[in-house]
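Enquirer: Can you keep this structure in mind? I'll have questions shortly.
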Amino acid sequence: MLLAGRLEELIRRLPNVDLIAVVDAEEDAIRRIRETHPDVLILDLHLRQGSGFGVLRALTKDASPPKVIVLTNYGVPEYRRQAEALGASAFLDKSRDYGRLPSMLLEYAQHQHDPRPS
């Protein structure tokens, strides 16, 4: 949960980005996503109960799922392919790509708040 605390702190500092919830179980994640309809989801593949892949599979059934940024310690090509096949927008390795997260979130927020058509 150390990284979760760092992520919370990082997200709270970003303009136009609001943290809705932090959960560590597949079932809780799916329930909260369906209750709150976030624009973006930061998803770890390793959860206390269940897995990030289970969350991704559940989201494939939703009409308008959030953009999903997978942030994991398991940055292997097989997991990347599987996550992308299940709809992940981005796949980041925690140790190598963590620093890219703020700019990605700001870009998504800008896109959400920009009234011009894309």
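The numbers here are math on the coordinates, done by the rules we state, and not lab data. Because the structure is a prediction, the values reported are computed rather than measured. Counting neighbours? That spans all protein chains shown, and the Cβs are built from the backbone with ideal geometry, glycine included.
Enquirer: Only residues in segment 16-40 that are in contact (Cβ under 8 Å) with a residue 40 or more places away in the chain count as the first member; pair them with residues that are surrounded by 14 or more Cβ atoms within 10 Å (Cβ to Cβ) and among the small types (Gly, Ala, Ser), Cβ under 9 angstrom, at least 6 apart or cross-chain, and list the lot.
Expert: Within 9 Å, the pairs are Asn16/Ala109; Val17/Ala109; Asp39/Ala109; Val40/Ser89; Val40/Ala109.
The rows are residues; the columns are (1) farther than 15 Å from Leu105 by Cβ; (2) in contact with a Cys (Cβ under 7 Å, 6 or more places away or on another chain); (3) of a type in the set (Gly, Ala, Ser).
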{"residue": "Arg6", "(1), (2), (3)": "no, no, no"}
{"residue": "Leu10", "(1), (2), (3)": "no, no, no"}
{"residue": "Asn16", "(1), (2), (3)": "no, no, no"}
{"residue": "Leu19", "(1), (2), (3)": "no, no, no"}
{"residue": "Val40", "(1), (2), (3)": "no, no, no"}
{"residue": "Gly50", "(1), (2), (3)": "yes, no, yes"}
{"residue": "Lys61", "(1), (2), (3)": "yes, no, no"}
{"residue": "Val70", "(1), (2), (3)": "no, no, no"}
{"residue": "Gln82", "(1), (2), (3)": "yes, no, no"}
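Enquirer: Scan (1) of a type in the set (A, V, I, L, M, F, W, C); (2) in a loop (DSSP other than H, G, I, E, B); (3) touching a Leu at 6+ places or on another chain (Cβ under 6 Å) for the single condition Leu92 breaks and write down its number.
Expert: That leaves (2) as the condition not met.
Enquirer: Ok, one more. Could you grab me the full set of residues in segment 60-76 that are outside any strand (DSSP E or B) and either β-branched (Val, Ile, Thr) or buried (at least 21 other Cβ atoms within 10 Å of the Cβ) (or both)?
Expert: Thr60, Val76 - these are the residues of segment 60-76 that are outside any strand (DSSP E or B) and either β-branched (Val, Ile, Thr) or buried (at least 21 other Cβ atoms within 10 Å of the Cβ) (or both).
Enquirer: Pick out the one residue from Arg12, Arg31 that is over 13 Å from the mean Cα position of the chain (by Cα), of a type in the set (Lys, Arg), closer than 18 Å to Leu101 by Cβ and surrounded by fewer than 17 Cβ atoms within 10 Å (Cβ to Cβ).
Expert: Answer to the check: Arg12.
Enquirer: Hey, another quick one. For segment 44-59, what are the residues that are within 11 Å of the chain's Cα centre (by Cα), among the aliphatic types (A, V, I, L, M) and assigned to a loop (DSSP other than H, G, I, E, B)?
Expert: Within segment 44-59, the subset within 11 Å of the chain's Cα centre (by Cα) is 44-45, 52, 55-56.
So of that shortlist, the ones also among the aliphatic types (A, V, I, L, M) come out as 45, 55-56.
Once the filter is applied, which keeps residues that are within 11 Å of the chain's Cα centre (by Cα), among the aliphatic types (A, V, I, L, M) and assigned to a loop (DSSP other than H, G, I, E, B), segment 44-59 yields only Leu45.
Enquirer: Would you confirm whether any residue within segment 60-71 is more than 12 Å from Leu41 (Cβ to Cβ), in contact with a Ser or Thr (Cβ under 9 Å, 6 or more places away or on another chain) and not polar (S, T, N, Q)?
Expert: No, segment 60-71 has no match at all.
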